[in-house]
Amino acid sequence: MFWRKKENYAVTAVDVGTSKIAVAVGELRPDGSLVLLGVGESAVTGIRKGEIVDFQLAQQAIERALVDAEAKTECMIKYVYLNLSGAHLEPRVIRLKTAIDGEDHRITAEHVERLARDLEDYAIPAEHEIIHSAVQHYYIDNNAPAAEPIGLSSRTLEASYHIVHGLRTRLETLFRCVMELDVEVVHYALSSYASAQAILTKQQKGLGAVVIDMGAGVTDYLVYADGAVAHSGVLAVGGDHVTQDLALGLKLPFAKAEELKTRHGNLYADGARPNARLTIPKDTNTDERNVYVESLAKIMHLRVRETLELVHEEIERKGLWSQVSGHVYLTGGASQVAGLLRLAGEIFPAPARLAREFSLEGDQTYNQRPDLATALGLLRYAQHYDLTHERATGWTRLRHSMQDLLARVGLF
């Protein structure tokens with residue numbers, strides 16, 4: 001720990017999602033503990049599949065959520081941590097190597113820093129920025145793993161990194177949307193990484209685990225193997241796509257389909273009478289309708305199965321299932337559908353669990369809401385980051401440029 005605060009103060013996490021904005025505020029105490037003060041929320045219509053498509057609408061929603069959080073916690077919000085998601089994000093695992101000079105070939109901090117600098121020069125598409133870089137493992141001579149290489153003797157030092165890069169313009173849009181509200185972005189984290197911090201313990205990461213956060217517009221997932229991030233991804237499909245399938249298949253307005261999914265959704269029609277139906281009441285725009293329970297379940301089942309199978313296939317393609325000795329954890333707003341655990345058990349080669357409870361001190365109102373996994377996990381990330389880094393200042397002026405801001409990448 002590089003420094004320690006002398007008094008309580010607030011840290012804030014802003015989760016920009018497809019259907020809502022969630023702003024979690026916590027109190028960081030001098031002993032490093034975190035207490036949840038409250039969560040502000042706002043519905044949003046200017047975001048699609050995790051990416052801003054209407055700047056003004058999205059910014060207004062973020063502002064409403066910030067105002068709501070300030071009212072609930074009696075805190076003035078000036079500094080925030082931000083989540084990053086979207087199908088434009090691309091993961092990659094790379095391995096870098098450097099020679100160790102000197103008579104004793106002793107590895108120093110300078111050698112480790114040299115690899116980190118080489119990482120900054122790694123070739124990615126010109127229009128992209130690296131927004132996440134995490135050391136997976138270090139290796140010395142003969143490919144021997146080294147948990148802490150400094151002080152060891154070796155002729156070479158190698159490191160494997162999990163990196164994620166994304167389109168600079170998409171990232172700039174998101175940062176401007178927040179910072180133009182006179183709020184400074186301290187740092188940021190992948191949505192899937194943030195969710196994992198709310199769910200996984202150090203021991204669970206060491207066993208190997210998968211976290212799948214099922215949102216309205218996207219499904220974020222992250223794989224831990226041997227305690228390190230081994231892979232991540234974002235699928236441009238979520239709960240809204242299930243609703244859209246219902247609207248098309250049952251010929252219902254989107255709002256009616258969403259209500260039907262939320263109130264009666266189930267991925268299996270087991271136990272229902274062969275011709276069991278649900279009645280959708282008449283309103284000013286539509287007549288009364290009857291919908292077969294089996295049809296509802298079949299449509300939902302097909303879309304959710306496809307989503308989970310895509311995650312399974314990607315992890316299989318990376319050859320990582322053999323390194324997952326723990327569980328698959330399902331969370332997010334779209335994970336609340338009945339039958340999901342059963343379906344996951346049919347698809348994944350590891351046992352599945354629903355991650356619906358989070359152990360934060362303080363206001364317990366929000367600790368059993370899976371739709372807040374990213375916001376609460378991002379708050380835990382903020383707790384760690386704020387205690388180990390000096391807070392940058394002057395970001396409201398965007399420093400010299402947004403590109404300079406995006407270049408401030410720290411190791412998770």
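Working only within segment 118-145, note down all residues that are more than 21 Å from Ala230 (Cα to Cα) and assigned to a helix (DSSP H, G or I).
The answer is Asp141, Asn142.
If you scan segment 339-366, which residues turn out to be farther than 18 Å from Gln204 by Cβ and either surrounded by 15 or more Cβ atoms within 10 Å (Cβ to Cβ) or modelled with pLDDT of 95 or more (or both)? Can you show your working first?
Just the residues of segment 339-366 that are farther than 18 Å from Gln204 by Cβ, to begin with: 339-340, 342-343, 345-347, 361-366.
Result: Gly339, Leu340, Arg342, Leu343, Gly345, Glu346, Ile347, Gly362, Asp363, Tyr366.
Which residues, counting only those in segment 165-175, are closer than 19 Å to Thr18 by Cβ and either of a type in the set (A, V, I, L, M) or in a strand (DSSP E or B) (or both)?
Gly166, Leu167, Leu171, Leu174
Can you work out which of the residues in segment 289-312 that are touching a residue at least 60 places away in the same chain (Cβ under 8 Å) and not charged (D, E, K, R) is surrounded by the fewest Cβ atoms within 10 Å (Cβ to Cβ)?
Leu310
Of all the residues that make up segment 273-288, how many are without any contact (Cβ under 8 Å) to a residue 24 or more places away in the chain and surrounded by 11 or more Cβ atoms within 10 Å (Cβ to Cβ)?
Of segment 273-288, the ones without any contact (Cβ under 8 Å) to a residue 24 or more places away in the chain are 273-279, 281-284, 287-288.
Still in the running and surrounded by 11 or more Cβ atoms within 10 Å (Cβ to Cβ): 276-278, 283.
Of the residues in that region, 4 qualify.
Take the residues in segment 145-168 that are surrounded by 15 or more Cβ atoms within 10 Å (Cβ to Cβ), over 30 Å from Ile47 (Cα atoms) and of a type in the set (Gly, Ala, Ser); name whichever of them is farthest from the chain's Cα centre (by Cα). Working first, answer last.
So the first thing to find is which residues in segment 145-168 are surrounded by 15 or more Cβ atoms within 10 Å (Cβ to Cβ), and the list is 146, 149, 152, 154, 156-168.
Subset that is over 30 Å from Ile47 (Cα atoms): 146, 149, 152, 154, 156-161.
Retained after the next criterion (residues that are of a type in the set (Gly, Ala, Ser)): 146, 154, 159-160.
Details: Ala146: 29, Ser154: 37, Ala159: 25, Ser160: 22 Å.
It comes out as Ser154.
Is one or more of the residues making up segment 279-293 modelled with pLDDT of 95 or more, part of a helix (DSSP H, G or I) and β-branched (Val, Ile, Thr)?
No, segment 279-293 has no match at all.
Given the conditions (1) assigned to a loop (DSSP other than H, G, I, E, B); (2) touching a residue at least 40 places away in the same chain (Cβ under 8 Å); (3) within 21 Å of Ser191 (Cα to Cα); (4) over 17 Å from the mean Cα position of the chain (by Cα), report the number of the one that Ser325 does not fulfil.
Among (1) assigned to a loop (DSSP other than H, G, I, E, B); (2) touching a residue at least 40 places away in the same chain (Cβ under 8 Å); (3) within 21 Å of Ser191 (Cα to Cα); (4) over 17 Å from the mean Cα position of the chain (by Cα), the lone unmet condition for Ser325 is (3).
State all residues of segment 121-144 that are within 31 Å of the chain's Cα centre (by Cα) and either over 21 Å from Gly166 (Cβ atoms) or free of Cβ contacts under 8 Å to residues at least 40 places away in the same chain (or both); if no residue qualifies, say none. Before the answer, list the steps.
So in segment 121-144, the residues within 31 Å of the chain's Cα centre (by Cα) come out as 121-139.
Once the filter is applied, which keeps residues that are within 31 Å of the chain's Cα centre (by Cα) and either over 21 Å from Gly166 (Cβ atoms) or free of Cβ contacts under 8 Å to residues at least 40 places away in the same chain (or both), segment 121-144 yields Asp121, Ala123, Ala126, His137, Tyr138, Tyr139.
Can you confirm whether Ala230 is farther than 19 Å from Gln336 by Cβ and modelled with pLDDT of 95 or more? I'd like the intermediate steps shown before the answer.
Working: farther than 19 Å from Gln336 by Cβ: yes; modelled with pLDDT of 95 or more: yes.
So Ala230 fits the description; yes.
How many residues are part of a strand (DSSP E or B), under 23 Å from His231 (Cα atoms) and without any contact (Cβ under 8 Å) to a residue 60 or more places away in the chain when one looks only at segment 146-162? Quick ask: steps written out before the conclusion?
Residues of segment 146-162 that are part of a strand (DSSP E or B), as a first pass: 146, 153, 156-162.
Among the residues that remain, those that are also under 23 Å from His231 (Cα atoms) are: 146, 157-162.
From what's left, without any contact (Cβ under 8 Å) to a residue 60 or more places away in the chain: 146.
Looking only at that region, the number is 1.
Which of the residues spanning segment 294-322 are among the aliphatic types (A, V, I, L, M) and assigned to a loop (DSSP other than H, G, I, E, B)? Outline the logic, then answer.
Narrowing segment 294-322 to residues among the aliphatic types (A, V, I, L, M): 296-297, 299-300, 302, 304, 308, 310-311, 315, 320.
Scanning segment 294-322 gives a single hit, Leu320.
So His165 clears everything in (1) in contact (Cβ under 8 Å) with a residue 12 or more places away in the chain; (2) under 19 Å from Ala350 (Cα atoms) except one condition, right? Which one?
So the condition that His165 fails would be (2).
Go through the residues of segment 52-70 one by one and say whether even a single one is in contact (Cβ under 8 Å) with a residue 24 or more places away in the chain, in a loop (DSSP other than H, G, I, E, B) and not basic (Lys, Arg). Even if it seems obvious, please write down each step before you answer.
Restricting attention to segment 52-70, the residues satisfying the condition of being in contact (Cβ under 8 Å) with a residue 24 or more places away in the chain are 52, 55, 58-59, 61-70.
Filter once more, so that each one left must be in a loop (DSSP other than H, G, I, E, B): none.
No, because not a single residue in segment 52-70 is in contact (Cβ under 8 Å) with a residue 24 or more places away in the chain, in a loop (DSSP other than H, G, I, E, B) and not basic (Lys, Arg).
Checking Tyr268 against (1) assigned to a loop (DSSP other than H, G, I, E, B); (2) within 13 Å of the chain's Cα centre (by Cα), only one condition comes out false. Which one?
With respect to (1) assigned to a loop (DSSP other than H, G, I, E, B); (2) within 13 Å of the chain's Cα centre (by Cα), Tyr268 is out only on (2).
This table checks each residue for (1) out of contact with any Phe, Trp or Tyr (no Cβ under 6 Å at 6 or more places or on another chain); (2) within 19 Å of Lys72 (Cα to Cα); (3) at pLDDT 95 or above; (4) surrounded by fewer than 19 Cβ atoms within 10 Å (Cβ to Cβ).
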position	(1), (2), (3), (4)
Tyr9	yes, yes, no, yes
Val14	yes, yes, yes, no
Gly32	yes, no, no, yes
Ser42	yes, yes, yes, yes
Thr45	yes, no, no, yes
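In segment 64-110, how many are surrounded by 14 or more Cβ atoms within 10 Å (Cβ to Cβ) and out of contact with any strand residue (DSSP E or B) (no Cβ under 8 Å at 6 or more places or on another chain)?
Total satisfying the criteria: 1.
This table checks each residue for (1) buried (at least 24 other Cβ atoms within 10 Å of the Cβ); (2) polar (S, T, N, Q).
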site: Asn142; (1), (2): no, yes
site: Arg170; (1), (2): no, no
site: Met179; (1), (2): no, no
site: His187; (1), (2): no, no
site: Ser191; (1), (2): yes, yes
site: Gly208; (1), (2): no, no
site: Gly215; (1), (2): yes, no
site: Val237; (1), (2): no, no
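The values are calculated or read from the model by the stated rules, or taken from the named source; none is laboratory data. A quick note: this is a predicted structure, and the numbers were derived from the prediction, not measured. Cβ coordinates were reconstructed from backbone atoms using ideal geometry, including for glycine residues, and neighbour counts include every protein chain displayed.
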